[in-house]
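Student: Sending over a structure as structure tokens; questions will come in a sec.
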Amino acid sequence: MSRVAVVGVGQSKFVRGYPGTIKELAFEAYKEAIEDAGTANKDIDASIFCSAPEYDKQRSPAGVLAEYLGLTPQPTFYLETVCSSSSTGLKVAYSMIQAGLHDVVCVLGFQKMSEISSAESQERMGRGADIQWESPFGTMMPAYYALYARAHGEKYGTTPEDLALIRVKAASYGVINERAVYRKPVTFDMFSDPKNTLAAPVSSPLRVGDCCANADGSSCIILANEEKAKAFSRKPVWIKGMGAASTAVTMSGRDDFTGLTVGTEAGKTAYKMAGITPKDVDVAEVHDCFTIAEMMAYENLGFAEPGGGKELIRAKETYKEGSIPVNVDGGLLSKGHPIGATGGSQIRTIVLQLRGEAGDMQVKDPAIGLVHNIGGVGLYGNVTIFGRD
């Protein structure tokens, strides 16, 4: 098969209340990506738009956005796997190019979470569970991940203090990421201060500081086959491996609450396709919607043995200078989580890292980068491995 590369990346600022329309929001990421790729609208053979439709007021937004961005009459598609939508979009675009259907494909993820209220947003998140057998009991995203945090603590001795260290790391990079929502420093002591909002309980053992925030934002990735990639880009970043997995939507259908099986299975597939092991990864972006999610990702991806994730963060091995830098753009905990745009933002970070263009967040000379993007409470999982060569 011919190789496929990312030739352009773009991202809007992630904000709490975007003042414009979803068309204007999408344009911000698209404009940056197409300029980054050195392409024009006519060069894009197909487009894939990604969001979670329950938050969108616009029905079938792909057609509306394609028209606004000038991507007609080329075909356009709409795709959803909740929080992992735009990394799934990358997989579909890769498949289209490998099949010879298209040479250049644009994947644009977006979400304007502020179009509905927080209460409405929580209700829609609850409906991500089985609406007959589970969501009527009122469980929400923090409660689901609290189940995992409690089980991980019971089995491996992981403490709320270990989880707080993950948020401290995230904030240390969020303050230097101009695209992030939360750019305030966070110290460990804040989690023991009853007067500090970050220490307020949400769903035991998770506190406010353990949870990411909703956000409005867009991201855009432009992929091309090898011939086009070499023509367009001075620094193409190649897709080396891809893995995807799914699992039972209901918690009663799962038998392990100390890790997300979709991350493990998708990672195995991606490593095998890329011909590498976890030790070969130089920089990673993992899905840290909650601090426990990042902790489990360390272990699911093989950066640590089961139960060993806490040792990585205690030793600061997942900082920029550590043995396996993770989420050195602040992650979802600092950037915010605009559902459909999140995976594309993670991909953009890794592409910039491999090009050596990540500025103050740059890891020293990375050759292999990994993106781990989860949809729902571990319902969907995508792992993608990128390389410079």
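Student: What number goes with the only condition from (1) of a type outside the set (Val, Ile, Thr); (2) surrounded by fewer than 20 Cβ atoms within 10 Å (Cβ to Cβ); (3) more than 21 Å from THR384 (Cα to Cα) that GLU226 does not pass?
Tutor: Result: GLU226 fails condition (3) only.
Student: Identify all residues within the range 225-251 that are closer than 30 Å to GLY126 by Cβ and part of a helix (DSSP H, G or I); write none if there are none.
Tutor: Selection gives MET251 alone.
Student: Could you look through the range 196-223, keep only residues that are touching a Gly at 6+ places or on another chain (Cβ under 9 Å) and assigned to a loop (DSSP other than H, G, I, E, B), and pick out the one that is surrounded by the most Cβ atoms within 10 Å (Cβ to Cβ)?
Tutor: Ranking the candidates gives ALA215 first.
Student: Within the range 252-298, track down each residue that is assigned to a helix (DSSP H, G or I), within 22 Å of GLY157 (Cα to Cα) and hydrophobic (A, V, I, L, M, F, W, C).
Tutor: The initial filter retains those residues of the range 252-298 that are assigned to a helix (DSSP H, G or I), namely 252-253, 261-274, 278-280, 291-298.
Pick out the ones that are also within 22 Å of GLY157 (Cα to Cα) and you get 261, 263-264, 291-298.
Result: ILE292, ALA293, MET295, MET296, ALA297.
Student: Considering only residues that are without any contact (Cβ under 8 Å) to a residue 60 or more places away in the chain, in a loop (DSSP other than H, G, I, E, B) and either under 30 Å from SER12 (Cα atoms) or charged (D, E, K, R) (or both), which ones fall in the range 176-195? Even if it seems obvious, please write down each step before you answer.
Tutor: Pass one, the range 176-195, residues without any contact (Cβ under 8 Å) to a residue 60 or more places away in the chain: 184-195.
Then keep just the ones that are in a loop (DSSP other than H, G, I, E, B); that gives 184-187, 193-195.
Residues satisfying the conditions are LYS184, PRO185, VAL186, THR187, ASP193, LYS195.
Student: Out of THR88, THR39, THR76, report the one residue that is crowded, with 17+ Cβ neighbours inside 10 Å, within 15 Å of CYS220 (Cα to Cα), without any contact (Cβ under 8 Å) to a residue 40 or more places away in the chain and of a type outside the set (A, V, I, L, M). Walk me through how you get there before you give the answer.
Tutor: On the way: THR88 fails: without any contact (Cβ under 8 Å) to a residue 40 or more places away in the chain; THR39 fails: without any contact (Cβ under 8 Å) to a residue 40 or more places away in the chain.
The unique qualifying residue is THR76.
Student: Could you please tell me which pairs satisfy a Cβ distance under 6 Å, a separation of 6+ or placement on different chains, a first residue in the range 1-17 that is over 15 Å from ASP216 (Cα atoms), and a second residue that is modelled with pLDDT of 95 or more and part of a loop (DSSP other than H, G, I, E, B)?
Tutor: Hits for this filter: ALA5/PRO236; VAL7/PRO236.
Student: What is the number of the single condition among (1) part of a helix (DSSP H, G or I); (2) out of contact with any Gly (no Cβ under 7 Å at 6 or more places or on another chain); (3) among the hydrophobic types (A, V, I, L, M, F, W, C); (4) crowded, with 23+ Cβ neighbours inside 10 Å that LEU352 does not meet?
Tutor: Unmet condition: (4).
Student: Do we find a residue being within 30 Å of ALA26 (Cβ to Cβ), buried (at least 17 other Cβ atoms within 10 Å of the Cβ) and at pLDDT 85 or above anywhere in the range 121-132?
Tutor: No, that holds for no residue.
The values are calculated or read from the model by the stated rules, or taken from the named source; none is laboratory data. Not measured: the values here are computed from a predicted model. Glycine gets a Cβ as well: all are built from the backbone with ideal geometry, and neighbour counts include every protein chain shown.
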